[in-house]
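Laboratory data are not the source of any read-out in this text; all were calculated from the coordinates shown. None of these values were measured; they are calculated from a predicted model. Glycine gets a Cβ as well: all are built from the backbone with ideal geometry, and neighbour counts include every protein chain shown.
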């Protein structure tokens, strides 16, 4: 993508501009700025909801500005009340350090730390917050905040009106985040903070603090909070949060999450989460309108985001896994992959002893697993060409299956007809 033009305009046409401070557009058009976004270390992995601010930093860098990813090692010990209806469980330092390590490695996939002139940086606010003394903080920072000002912020008002209220610990979070902005302004010349729209009050608190403490101008820009067309929170599925960590959410399930995007959302998501140009996205918009059944926009969205987060090889594997559900080959997939793919299909656990010696007859296997109710039904299924084991059609009703037929010595994938799957997990003891 060209680095010419104004990143403000880029955010605007992509629908990423929810609000911004006055004069920011002109500043971004005439100056190279340093900007930061904070990431909360409440888990050892970021999730798909974090992709929008991550991409915001990456876009900013491509337009020649300098991005800073701040991981909240200090504020993570306190908890941000923004957008929350209850007090967070406080993390200990050891857990925060574990979480920080995971987040750093994920951010490094998107930001260029060796770019001449505007290399990205990752900083930890514990470096300065951990050195603060209470009396000094109250004298040097607290004096700039009135209680009236803090109570006027939406995140605080919402919590005060709740039954549980808000603790003094979380009430002071606004001052700590504002101090982060001031510290980065002094240490790195940072003049712009970005974040989700729920951070608007905290960001303005930071710009006000910089104005009062350093007599300097600072700016803020917030992105919209992403929801889907059903009105539910983006990144939440029936099976839980969609994580960037492949150990938490497999590349296959990550790919499927994007493939399942509603037609009403897919164009917005292409704008938010990919590097496609305005013209390229317009082409997919036409495709969705004229031929929604082809799902070409969803396929491109899933390809681009899965490849960006997990790599091209993981994307290809996710494609292979998806094809399995339509009768594709199982050869390239591991037991772990197959268990992930078939997590929601019926399964039966059988003992390895059933496959020893002469092996287990396919008719017996069909009835043991319940895919047929009798040997007679199993015979008819085989004669009609409707039984597949590990992707291969079974034509001999007298065939047997030995331990050597198991995938990695522990799994069989049965398919009845085109889409009726059943997983057989073979262990040392039988159960069902």
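Here the stretch 185-208 is scanned for amide nitrogen atoms under 19 Å from the site 7 Å beyond the Cα of residue 151 along Cα-to-Cβ, giving 201-202, 205. Relative to the longest principal axis of the Cα atoms of the chain, the long axis of helix 173-188 lies at roughly 80 degrees. Helix 312-324 and the longest principal axis of the C-alpha atoms of the chain enclose an angle of approximately 40°. By definition, a body whose alpha carbon gyration tensor gives a ≥ b ≥ c is prolate when a/c is 1.5 or more and a/b is larger than b/c, and the chain fits this prolate description.
Helix 263-273 and the long axis of the chain differ in direction by around 60°, with both axes built from C-alpha atoms.
The label point for residue 418 and the one for residue 105, both projected 7 Å from the Cα toward the Cβ, are 4.2 nm apart.
May I ask you to derive the relative contact order of the chain, considering only C-alpha pairs under 8 Å and at least 6 residues apart, and to give it as an integer percent? Mind showing how you got there, number by number?
Details: 661 pairs, mean separation 58.3, N = 432.
Relative contact order, the chain: 14 percent.
Taking label points 7 Å from Cα along the Cα-to-Cβ direction, residue 299 and residue 373 give a separation of 4.1 nm. Specify whether the C-alpha gyration tensor of the stretch 186-260 places it in the rounded, prolate or oblate class, a ≥ b ≥ c being the square roots of the eigenvalues: rounded for a/c under 1.5, otherwise prolate if a/b is larger than b/c and oblate if not. Prolate shape, in that a/c is at least 1.5 and a/b is the bigger ratio.
Using a ≥ b ≥ c from the Cα gyration tensor of the stretch 340-427 (square roots of the eigenvalues), is it rounded, prolate or oblate, where a/c under 1.5 gives rounded and otherwise the larger of a/b and b/c decides, a/b for prolate?
Note, shape of the stretch 340-427 comes out oblate.
Extension gain, residue 352-residue 227: 0.36 nm per intervening residue step, less the Cα-Cα distance, totals 40.2 nm.
Look at 13, 243 and count the other Cβ atoms within 10 Å of each Cβ; fewest to most, that gives 13, 243. Cα centroids of the stretch 221-290 and the stretch 62-78: 24 Å apart.
Think of it as helices only: each DSSP H run of n ≥ 4 in the chain is worth -39500 (n - 2.57), and spread over all residues that comes to -12500 deg cm²/dmol at 222 nm. Suppose we keep just the DSSP beta bridges with both residues in the chain; what percent of those would be antiparallel, to 5? Of all bridge pairs located within the chain, approximately 50 percent are antiparallel.
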